[in-house]
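Undergrad: The following block contains the structure, expressed as structure tokens.
The values are calculated or read from the model by the stated rules, or taken from the named source; none is laboratory data. As the structure is a prediction and not an experimental result, all values here were calculated from the model. When we count neighbours, we look across all protein chains shown, and the Cβ atoms used for this are built from the backbone with ideal geometry, even at glycine.
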Number of protein chains: 2
Amino acid sequence: MSDVFLNGSLTIAGLGPGDTAMMTPEVNAAIAQASDVVGYNSYVARIPPREGLRLHASDNRVELDRARHALQLASDGGHVVVVSSGDPGVFAMASAVFEALESAPEYLDVEISVLPGITAMLAAAARAGAPLGHDFCAINLSDNLKPWELIERRLQLAIEGDFAVALYNPRSASRPQQFARALEILRAGCGPDRLITFARAVTTPDERIVTVPLSEAKADMADMRTVVIVGNSATRRVGRYVYTPRSAP
Amino acid sequence: MSDVFLNGSLTIAGLGPGDTAMMTPEVNAAIAQASDVVGYNSYVARIPPREGLRLHASDNRVELDRARHALQLASDGGHVVVVSSGDPGVFAMASAVFEALESAPEYLDVEISVLPGITAMLAAAARAGAPLGHDFCAINLSDNLKPWELIERRLQLAIEGDFAVALYNPRSASRPQQFARALEILRAGCGPDRLITFARAVTTPDERIVTVPLSEAKADMADMRTVVIVGNSATRRVGRYVYTPRSAP
């Protein structure tokens, strides 16, 4: 069979939060069969090298370039796995690949599949107890791709609806003030006693999970490796756990 | 060592949506080491029987009794795994166990851990493409544990915030009219062209994934094995996929 007839494939796979015990067998199998792994440096670093596997690591904030590169490799016949931390469909590479595909229809024949992973908020919730046990929202606090005003508005609406809320990318060195502003909004809308959980580097050796009332929450309790979970009005502690009851308050 | 010194444990584990290729290694390991598996009939039926493993299957809607039973078994020294479909922290058994623990503090010494799983909305989103690629909400449409008015209100607020929305338990035989009402609210708030994905029995042999504009959505396209994903105002198709861009519209 000549190379001309080789069909490549593109798999967008979620590695989970860090611990390989949370990687699904189908993601492991996809990586075992890959010719190429494409992703952000620190995620590609999680992939054990082996003969015949090309690793393509790139910097943050070049998601569309990375996606186009992966489409090209698959179009050339490669079995390409794009790796994301957590779940690839939650603030990660799956949407970036489809955006790239939309702007480059010559790749529409590439066979694309998405393999879910354990996303950070669910790993964090499990470690803390069950703070997302009732209706909840997931909001990306980064304003790289949307105006900050929209983030504030969504946060307000989530509070108004008494949703529990998971906040991704709460704080980075380039925008330290925004998470402080988010905490102000939360305190104004939810009061000082509402429980907030900071889950940093979940399932890694650096893991740290802290739950405090909003009155004790400080902006520097979060960084880019943290996912933040704000309870709803019924969220409470039992023993060392924090949970949100299944019933509405 | 006498039985008096045996310490039991309670693990609340997510089996994922159905396919064992989406079960995490840590969940498999917990089941392999269990003395007792406790859960809803159809989830316990997924666990291969083996010598020394006691299976405790129960009906739907007895979550608190099931949780208390699991706490008692663990308190008696059992290594008990409570199984949920999907993720145990998302509209599943984790909150029920903590509710039971709150009302029975004699079990506070039981060592409890929660192991996350691939929740239905993320498996469904992966199959469809990336419809949850931007801020989103997860709402349980069942009014068993909250008033229907609150569900309508949350749906309205989610639309107002232009969140993508995942709807769990959209429709059952006992409340066929409510999902029809939810579709009315969605059509009024989002217009006829908004994309909605019905994902039934994801990753099982009965899997069926259908995406239509709201104008073509009918209530009987959903049942209790369906998770429904409503896009935000930017959600669109590319090739056979449906995705929500990372940027705000």
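Undergrad: Is there a residue in the stretch A:163-177 that is part of a helix (DSSP H, G or I) and either modelled with pLDDT of 95 or more or surrounded by fewer than 24 Cβ atoms within 10 Å (Cβ to Cβ) (or both)? So that I can check it myself, show each step before the final result.
TA: Our first condition is that a residue be part of a helix (DSSP H, G or I); within the stretch A:163-177, this holds for A:176-177.
Among the residues that remain, those that are also either modelled with pLDDT of 95 or more or surrounded by fewer than 24 Cβ atoms within 10 Å (Cβ to Cβ) (or both) are: A:176-177.
Yes, there is a match, as at least one residue in the stretch A:163-177 is part of a helix (DSSP H, G or I) and either modelled with pLDDT of 95 or more or surrounded by fewer than 24 Cβ atoms within 10 Å (Cβ to Cβ) (or both).
Undergrad: Given the conditions (1) part of a loop (DSSP other than H, G, I, E, B); (2) free of Cβ contacts under 8 Å to residues at least 40 places away in the same chain; (3) in contact with a helix residue (DSSP H, G or I) (Cβ under 8 Å, 6 or more places away or on another chain), and given that residue B:96 satisfies all but one, which numbered condition is not satisfied?
TA: (1)
Undergrad: Mind checking which residues of the stretch A:112-142 are more than 7 Å from chain B (Cβ to nearest Cβ) and farther than 21 Å from residue A:23 by Cα?
TA: Residues satisfying the conditions are A:131, A:134, A:141, A:142.
Undergrad: For residue A:19, state whether it is closer than 27 Å to residue A:168 by Cβ and of a type outside the set (A, V, I, L, M).
TA: yes
Undergrad: Given the condition in contact (Cβ under 8 Å) with a residue 60 or more places away in the chain and facing another protein chain (nearest Cβ under 7 Å), answer yes or no: does some residue in the stretch B:68-86 qualify? Explain how you work it out, then say what you get.
TA: Pass one, the stretch B:68-86, residues in contact (Cβ under 8 Å) with a residue 60 or more places away in the chain: B:70-71, B:73-86.
From the residues that got through so far, the ones that are facing another protein chain (nearest Cβ under 7 Å) too are none.
No, because not a single residue in the stretch B:68-86 is in contact (Cβ under 8 Å) with a residue 60 or more places away in the chain and facing another protein chain (nearest Cβ under 7 Å).
Undergrad: With the checklist (1) over 24 Å from residue A:12 (Cβ atoms); (2) hydrophobic (A, V, I, L, M, F, W, C); (3) more than 14 Å from chain A (Cβ to nearest Cβ) in hand, flag the one item residue B:145 doesn't pass.
TA: Against the list (1) over 24 Å from residue A:12 (Cβ atoms); (2) hydrophobic (A, V, I, L, M, F, W, C); (3) more than 14 Å from chain A (Cβ to nearest Cβ), residue B:145 comes up short only on (3).
Undergrad: For the stretch A:121-160, name all the residues that are buried (at least 24 other Cβ atoms within 10 Å of the Cβ), in contact (Cβ under 8 Å) with a residue 12 or more places away in the chain, of a type in the set (Gly, Ala, Ser) and not in a strand (DSSP E or B).
TA: Scanning the stretch A:121-160 gives A:123, A:124, A:125, A:128, A:133, A:158.
Undergrad: Can you say whether residue B:175 is without any contact (Cβ under 8 Å) to a residue 60 or more places away in the chain, more than 21 Å from residue B:87 (Cα to Cα), in contact with a Cys (Cβ under 8 Å, 6 or more places away or on another chain) and charged (D, E, K, R), as far as the supplied structure shows?
TA: no
Undergrad: Within the stretch B:3-47, restricting attention to residues that are part of a helix (DSSP H, G or I) and at the interface with chain A (Cβ under 8 Å from one of its Cβ atoms), which residue is surrounded by the most Cβ atoms within 10 Å (Cβ to Cβ)? Even if it seems obvious, please write down each step before you answer.
TA: Let us first name the residues in the stretch B:3-47 that are part of a helix (DSSP H, G or I), namely B:3-5, B:20-22, B:25-32, B:41-44.
Next, from what is left, pick out any that are at the interface with chain A (Cβ under 8 Å from one of its Cβ atoms): B:20-22, B:25-26, B:29.
Values: B:20: 15, B:21: 15, B:22: 26, B:25: 15, B:26: 21, B:29: 14.
Out of the qualifying residues, it is B:22.
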